[in-house]
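Read the figures in this text as sums done on the coordinates, not as results from a lab. Since we're looking at a predicted model, the values are computed, not measured. With ideal geometry, Cβ positions are generated from the backbone for all residues, glycine too; neighbour counts draw on all protein chains shown.
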Amino acid sequence: MDILESIILGAVQGITEFLPVSSSGHLQLAKELLGVELEENLAFDVTLHAATVLSTIVVLWGEIWSILRGLFTRGMNDEKRYIVKLIISMIPIGIVGFMFKDYIDAMLGSSYIMLIVGAMLLVTALLLSFAYYARPREKSEISYRDSFIIGVSQAVAAMPGLSRSGATIATGLLLGDQKGAVATFSFLMVLAPILGETLLSTLDGGLTMTGVDFGVLVAGFVSAFVVGALACRYMINIVKRGKLIWFAYYCVVVGIVAIVSYFI
């Protein structure tokens with residue numbers, strides 16, 4: 001992999017992490033188009049995910065700082081309750097990551113990955129369509145129950161091609177949570193899992209196992225961070241305006257293309 005290919009993959013990760021079209025699925029599609037083959041797909045992908053996590057922290061720093069300040073006040077308050085909800089939402093993905101990490105990594109390198117990506121993109125389109133046309137009564141805040149259900153959808157979205165942001169945002173909207181609130185919650189709930197995965201990959205030597213030159217890796221990281229920062233801010237506005245149906249149409253087209261490419 002050269003620097004240009006790494007920058008392209010970083011840009012793909014950056015924009016698709018926050019748009020409900022599956023970053024993992026688009027990374028596999030981009031690798032296929034570029035002819036990039038990595039010994040450790042998951043380790044390289046986690047590096048790019050770490051970049052988008054950093055961009056999330058930068059864009060949503062105001063919300064994050066407000067939550068953190070609430071930790072240093074006495075008694076239970078809204079900020080502490082919000083943190084508890086975030087922790088609850090992370091439990092399912094933690095279980096999936098612990099039990100199925102090797103299986104997911106093997107899936108990413110399998111010969112039928114394009115078929116999986118295509119099928120999961122079609123599932124993403126269905127979720128976004130349901131969320132767009134459903135009209136549940138909006139609730140004032142995300143409940144503990146909703147937090148766990150949204151967390152389950154995030155865990156299921158570990159499947160390549162099933163959009164994490166699309167699944168979690170669509171689930172929140174179907175539960176009746178407010179658009180802006182569920183978008184912010186969706187982006188914040190992934191911070192700890194990705195940071196934890198990045199740390200584990202580093203401790204296991206995962207970043208050196210990718211066969212990628214350090215300079216190339218940095219180029220991809222910077223690309224994912226810059227594009228991710230722009231996409232994060234853009235996606236929150238998209239969710240507030242309720243135009244998710246356009247992404248559903250897009251996922252249908254790309255999903256069909258991915259499935260057809262597998263049989264050609």
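Cα gyration tensor of segment 63-137, axes a ≥ b ≥ c as square roots of the eigenvalues: rounded (a/c below 1.5), prolate (a/b > b/c) or oblate?
Verdict is oblate for segment 63-137.
Compare the peptides 125-134, 155-164 by average per-residue count of other Cβ atoms within 10 angstrom and give them in order, highest first.
155-164, 125-134
For a quick check: sort Val117, Val216 by the number of other beta carbons within 10 angstrom, fewest at the front.
Starting with the residue having the fewest Cβ neighbours, the order is Val216, Val117.
As a test of the formula, what do you get for the chain when each DSSP H run with n ≥ 4 contributes -39,500 (n - 2.57) and the sum is divided by the residue count, at 222 nm and rounded to the nearest 500 deg cm²/dmol?
Theoretical 222 nm ellipticity from helices: -26000 deg cm²/dmol.
Could you tally up the Lys pairs in the chain with alpha carbons closer than 19 Å? Skip any pair fewer than 8 positions apart unless they're on separate chains.
So the count works out to 6.
Helix 61-70 versus the longest principal axis of the chain: what angle, 0 to 90°, nearest 10, using Cα atoms?
Helix 61-70 and the main axis of the chain meet at about 50 degrees.
What is the chain by shape, rounded, prolate or oblate, if you read a ≥ b ≥ c off the alpha carbon gyration tensor as root eigenvalues and call it rounded for a/c under 1.5, prolate for a/b larger than b/c, and oblate otherwise?
Cα axes put the chain in the oblate bin.
Could you please rank Ile169, Ile194, placing first whichever residue has the fewest other Cβ atoms within 10 Å of its Cβ?
Ile194, Ile169
Quick one: net charge of Val216's neighbours, Cβ under 12 Å, K/R +1, D/E -1?
-3
If packing is taken as the average count of other Cβ atoms within 10 Å, what order do 71-79, 45-53 fall into, highest mean first?
Highest to lowest by the protection proxy: 45-53, 71-79.
Assign unit charges at the C-beta atoms only (+1 for Lys and Arg, -1 for Asp and Glu), then state the dipole size of the chain relative to its Cα centre in Debye, rounded to the nearest 20.
1420 debye
Whole-Hz ³J(HN,Hα) for each residue in segment 247-255, computed from phi via Karplus 6.51 cos²θ - 1.76 cosθ + 1.60 with θ = phi - 60°, x for glycine and proline: what do you get?
3J(HN,Hα) across segment 247-255, in whole Hz: 6, 5, 4, 4, 5, 4, 4, 5, x.
Show me, for segment 119-126, the HN-Hα J-couplings you get by feeding each phi into the Karplus relation (A = 6.51, B = -1.76, C = 1.60, θ = phi - 60°), rounded to Hz, glycine and proline as x.
Once rounded to whole Hz, the list reads 5, 6, 5, 5, 5, 4, 4, 5.
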